[in-house]
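Read the structure below first, then the notes.
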Amino acid sequence: MKNIKFISAAEAVKVIKSNDRVHLHSVAVTPHPLINAMVERGKNKEFRNVRVQHIHTEGPAPYADPEMEGIFQLESFFVGGNVRKQTQAGYADYIPVFLQETQRLIREGYLKVNVTMIQVCPPDKHGYVSLGTSVDATLAAIENSDTVIAIVNPNVPRAFGDAMIHINDIDLFVEDDSPLYAPAPGAISETDRKIGRYVAELVEDGATLQMGIGAIPNAVLSMLGNHKDLGVHSEMFADGILPLVDKGVVNGRNKKIDKGKMVATFLMGSTGLYDFIDDNPGVLMQDVKYTNRVSIIAKNPKVTAINSALQIDITGQVCADSIGTTHYSGVGGQIDFLRGASLSKGGKPIIAMPSVTAKGISKIAPTLMLGAGVVSTRANIHWVVTEFGAVNLYGRTMQDRAKLLISIAHPDHQEALDKNAFERFGPHFHFVWDE
């Protein structure tokens with residue numbers, strides 16, 4: 001690769017000094033060789049109090065381990081599975097922020113970034129490389145940090161949109177050819193299929209989809225094979241969308257902006273998904289300030305936003321980031337897309353979740369757990385779906401909401417929920433049981 005001088009990861013991370021903030025590229029393109037070299041320097045006590053910032057990384061996160069206390073301090077925008085225990089124990093920390101505004105914290109100087117560590121594809125003949133599967137807030141970090149270190153990896157797909165940057169925007173280059181993180185899709189349970197069926201019935205022809213990764217989104221997608229002219233404008237998509245693209249169901253023909261294009265800010269899936277976006281002009285990997293901006297989302301018609309929750313109370317308050325006071329994930333883009341879908345012509349904001357936890361505890365509760373975060377207020381909630389049905393809370397009174405939500409709760413918990421609602425709203429409240 002002409003005009004590029006490669007150095008080792010160990011050499012590259014020597015630019016990191018005490019009290020710096022380091023931004024890490026996200027999800028499938030987490031730059032592990034640079035992370036490992038950085039952590040090795042930390043173990044050797046070559047610096048202290050280095051703040052590590054990222055949205056969500058995959059794979060080991062040794063900078064968040066207890067023995068790194070005082071050397072690294074994680075400030076994540078989302079509590080992923082690889083840093084969950086450390087965050088819950090206080091060794092790592094979390095910044096609550098709407099996903100759309102993660103880039104704003106960087107661009108407007110709330111979080112000064114000193115070093116950004118990324119992975120990119122090899123440069124083309126014009127000197128452009130691609131950020132591949134993740135643009136998110138990383139583009140903002142590249143634009144505003146003192147030093148940008150890039151791993152040039154042939155396994156990073158050449159994705160278009162805001163993912164394309166020039167080699168002149170990069171200061172230090174490291175070579176690596178490790179495969180990207182590519183998790184196997186999880187199994188779809190019968191509960192997931194039931195939820196997926198109810199959600200699929202809400203998706204109209206010509207809708208613009210937003211959904212995440214996991215069994216419920218995959219279940220929904222598996223039931224859309226007979227739909228027509230669907231589009232994608234999402235913070236992410238995964239493998240479940242590919243069969244619909246192959247069948248011509250997803251073609252973006254009905255979109256008002258980015259017509260014919262699939263838009264996302266990050267991806268995670270199989271190598272087949274990464275191959276799909278490689279050199280594909282039909283996919284735009286965009287800055288999170290674009291994908292998750294409410295005014296942009298709302299421009300497309302029939303935006304159908306499918307999100308999940310950890311718990312919802314009988315008035316519609318949604319907790320999606322914590323279990324009581326224990327942080328589990330993050331605010332993410334739920335509000336961005338619930339609001340965008342609500343303002344879209346014919347849009348449908350949807351919260352889809354199993355009625356109970358793996359331990360059989362009802363996820364529809366009289367009140368949220370003490371300390372639970374209200375990610376989406378009751379005023380934001382429209383459709384709620386469980387394996388027992390779909391109800392629309394929009395424009396409904398508090399008592400009507402309670403009745404509707406109890407109707408899709410697990411039957412084992414309906415009587416207790418009805419009793420709680422009766423105590424809350426008075427003797428005139430009565431849930432009508434189906435005979």
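Starting from residues that are charged (D, E, K, R) and surrounded by fewer than 24 Cβ atoms within 10 Å (Cβ to Cβ), keep the ones in the stretch 309-354 and report whichever is modelled with the lowest pLDDT. Walk me through how you get there before you give the answer.
Applying the first criterion (charged (D, E, K, R)) to the stretch 309-354 yields 313, 321, 336, 339, 345, 348.
With surrounded by fewer than 24 Cβ atoms within 10 Å (Cβ to Cβ) added as a condition, the list becomes 313, 321, 339, 345, 348.
On the way: Asp313: 98, Asp321: 94, Arg339: 97, Lys345: 98, Lys348: 98.
Ranking the candidates gives Asp321 first.
Select, from Ala298, Ala358, Ala365, the only residue that is closer than 28 Å to Tyr94 by Cβ and touching a residue at least 12 places away in the same chain (Cβ under 8 Å). If you could, list the steps in order and put the result at the bottom.
Numbers: Ala298 fails: closer than 28 Å to Tyr94 by Cβ; Ala358 fails: touching a residue at least 12 places away in the same chain (Cβ under 8 Å).
Going through Ala298, Ala358, Ala365 in turn, the sole match is Ala365.
If I filter the stretch 387-408 down to residues being farther than 21 Å from Val220 by Cβ and part of a loop (DSSP other than H, G, I, E, B), which single residue comes out as farthest from the chain's Cα centre (by Cα)?
Here the residue is Thr397.
Here's the yes/no breakdown for (1) outside the structural domain of Gly373 (by TED's automatic domain parsing); (2) within 16 Å of the chain's Cα centre (by Cα); (3) not in a helix (DSSP H, G or I):
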position	(1), (2), (3)
Val245	no, no, no
Ile257	no, no, yes
Gly269	no, yes, yes
Pro301	no, no, yes
Ile306	no, yes, yes
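Can you report the number of residues in the stretch 369-397 which are among the hydroxyl-bearing types (Ser, Thr, Tyr) and either surrounded by fewer than 16 Cβ atoms within 10 Å (Cβ to Cβ) or not assigned by TED's automatic domain parsing to the domain that holds Ile335 (or both)? Step through it out loud before you land on a result.
Step one: filter the stretch 369-397 for residues among the hydroxyl-bearing types (Ser, Thr, Tyr), giving 376-377, 386, 394, 397.
Keeping just the survivors that are either surrounded by fewer than 16 Cβ atoms within 10 Å (Cβ to Cβ) or not assigned by TED's automatic domain parsing to the domain that holds Ile335 (or both) gives 377, 394, 397.
Going through the stretch 369-397 one residue at a time, the tally reaches 3.
Filter the stretch 108-120 down to residues that are farther than 17 Å from Thr30 by Cβ and in contact (Cβ under 8 Å) with a residue 40 or more places away in the chain, then give me how many there are. Talk me through it step by step, then tell me what you get.
Kept after step one, since they are farther than 17 Å from Thr30 by Cβ, are these residues of the stretch 108-120: 108-112, 114.
The next check asks that each one be in contact (Cβ under 8 Å) with a residue 40 or more places away in the chain; those that pass are 111-112, 114.
Looking only at that region, the number is 3.
List pairs: first residue in the stretch 278-292 and at negative phi and part of a loop (DSSP other than H, G, I, E, B), second residue among the small types (Gly, Ala, Ser) and surrounded by fewer than 16 Cβ atoms within 10 Å (Cβ to Cβ) anywhere in the structure, Cβ distance under 7 angstrom, at least six positions apart or on different chains.
Gly282/Gly260
Which of the strands (runs of 3 or more DSSP E) found entirely inside the stretch 65-134 contain at least 1 residues meeting this: among the small types (Gly, Ala, Ser) and modelled with pLDDT of 95 or more? Can you show your working first?
On the way: elements: 72-76, 115-120, 128-130.
Filter on the stretch 65-134 gives 72-76, 128-130.
Counting only residues that are over 20 Å from the mean Cα position of the chain (by Cα) and part of a helix (DSSP H, G or I), how many does the stretch 202-228 have? Steps first, please.
Residues of the stretch 202-228 that are over 20 Å from the mean Cα position of the chain (by Cα), as a first pass: 202-207, 222-228.
The next check asks that each one be part of a helix (DSSP H, G or I); those that pass are 202.
Within the stretch 202-228, residues that are over 20 Å from the mean Cα position of the chain (by Cα) and part of a helix (DSSP H, G or I) number 1.
Here is a yes/no grid of residues against (1) among the aliphatic types (A, V, I, L, M); (2) assigned by TED's automatic domain parsing to the domain that holds Ala137; (3) touching a residue at least 60 places away in the same chain (Cβ under 8 Å):
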{"position": "Ile4", "(1), (2), (3)": "yes, no, yes"}
{"position": "Val15", "(1), (2), (3)": "yes, yes, yes"}
{"position": "Asp20", "(1), (2), (3)": "no, yes, yes"}
{"position": "Ser26", "(1), (2), (3)": "no, yes, yes"}
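The values are calculated or read from the model by the stated rules, or taken from the named source; none is laboratory data. Here the structure is a predicted model, which means the values were calculated and not measured. Here Cβ is always computed from backbone atoms with ideal geometry, including for glycine, and neighbour counts include all displayed protein chains.
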